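See structure below.
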2 protein chains.
Amino acid sequence: MSFLEEREISQAVIRRLPRYYRYLGELLENGVERISSNDLSRRMKVTASQIRQDLNNFGGFGQQGYGYNVKYLYAEIGKILGLEEDHNIIIIGAGNLGQALANYASFEKRGFILKGIFDVNPRLQGISIRGVPVRMMDELSAFVKENDVAIAALTIPKDKAVDVASMLVENGVRAIWNFAHTDLNLPEHIIVENVHLSESLMQLSYKISRYNEEHQR
Amino acid sequence: MSFLEEREISQAVIRRLPRYYRYLGELLENGVERISSNDLSRRMKVTASQIRQDLNNFGGFGQQGYGYNVKYLYAEIGKILGLEEDHNIIIIGAGNLGQALANYASFEKRGFILKGIFDVNPRLQGISIRGVPVRMMDELSAFVKENDVAIAALTIPKDKAVDVASMLVENGVRAIWNFAHTDLNLPEHIIVENVHLSESLMQLSYKISRYNEEHQR
């Protein structure tokens, strides 16, 4: 049975996989070939039993008395996360955040291929970021039709985001990485991953007031 | 009993609060004074019963037959999230991502006051972003001691992040908004909110392969 045939992996495990992937990648870079769940547990500050449980979901890559083969486990988790396939990605909005994403070279290493960057600002036309020219929005729908765009990152103001997302979906984009501070209300089969920075900052602020309150009593 | 004395609010509810806050803020901007849980449910695509349950955690702001008073509920959720207090924030790393955060004016509206921006690149010295000059890293520890810095946003490479975070904490910073792709391993009382963009992209990639797989069968 392949790992991908397993159906009942909980969302919580899936959310933890990228962190395993990151730690295993660092171990690999440092030439570590195998690791016990106890050692991985110390590094990741997760219990060894949680590690064993999580990785058992995928058939269990560990062997008693040997531990985990780092390279194998890294590759298998990469497969589960869909990283062995390339995904073409475009970025809508070439402001600071869009440029930060475009400049983030390790995305490419994991199979996210930057195909295009779009903006409304004519001053940015022709400027290239990592060799990819900034195009104007009126070229977007044709570009999406002609290139096999899997993912569009939206780093545009919220009042534009809903319309642009609908247009992208009409032209075949199936996944949106949404940084705009709004919900997109797209058809159910469209995959949306939201990164709402202001909500993340509010979580931080909540924890600070909780902490202050507890220490003032 | 004040809302803040309630102890047993689940993490899941807390995670949903910023979204309620966003919707209520938009309603306020549009002049809406009151809203029923059914109407809020339609807009937020959450069941009305979940909305009632969530908001009941805070004593229930709704009145039968009237609905929720938008302004009051917005203000109360803001209090719970700690947004009625100001928090001084500094940004370490004045690259694209640091600049994107610095330029994000609505943070200020919610009480996050940008006090300083720091970088190692001498070319950035003296440049100002929204009136705040970029300072060099050798000024950081003195700056943190002299200013009441609650939150430091880290947008620096992972190999620098751990040391910089430790130094910040030694100088009194109690909360880190961490964009570096690493865990910081700080003392337990330090509040850390991680934004790992590459992990968010992997979640997206996971969902794409799951979708493709299901539709190829």
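The values are calculated or read from the model by the stated rules, or taken from the named source; none is laboratory data. Please read all numbers here as calculations on a predicted model, not as lab measurements. Note: ideal-geometry Cβ built from the backbone for every residue, glycine included; neighbour counts use all protein chains shown.
Structure notes:
- Subset of the stretch B:15-57 (residues that are buried (at least 16 other Cβ atoms within 10 Å of the Cβ) and of a type in the set (Val, Ile, Thr)): B:35, B:46, B:51
- Within the stretch A:87-113, being of a type in the set (Val, Ile, Thr) and touching a residue at least 40 places away in the same chain (Cβ under 8 Å) holds for A:89, A:90, A:91, A:92.
- Listed conditions (1) loosely packed, with under 14 Cβ neighbours inside 10 Å; (2) within 9 Å of chain B (Cβ to nearest Cβ); (3) of a type in the set (D, E, K, R); (4) out of contact with any helix residue (DSSP H, G or I) (no Cβ under 7 Å at 6 or more places or on another chain) are all met by residue A:213, apart from (4).
- Qualifying residue in the stretch B:126-143 (condition: exposed (fewer than 13 other Cβ atoms within 10 Å of the Cβ), in a helix (DSSP H, G or I) and basic (Lys, Arg)): no
- Pairs with Cβ under 8 Å, 6+ apart, first in the stretch B:183-194 and within 17 Å of residue A:213 (Cα to Cα), second in a strand (DSSP E or B): B:190/B:175; B:190/B:176; B:191/B:175; B:191/B:176
- Filter pass, residue B:62 being at pLDDT below 90 and outside the structural domain of residue B:195 (by TED's automatic domain parsing): yes
- Residue pairs whose Cβ atoms lie under 7 Å apart, separated by 6 or more positions or on different chains, with the first residue in the stretch B:66-77 and assigned by TED's automatic domain parsing to the domain that holds residue B:18 and the second β-branched (Val, Ile, Thr), are B:67/B:35; B:68/B:35; B:70/B:32; B:70/B:35.
- Residues within the stretch B:62-89 that are crowded, with 23+ Cβ neighbours inside 10 Å and more than 10 Å from every other protein chain (Cβ to nearest Cβ), tallied: 2
- If you go through the stretch B:141-179 and keep only what is of a type in the set (Asp, Glu) and within 14 Å of another protein chain (Cβ to nearest Cβ), you end up with B:148, B:159.
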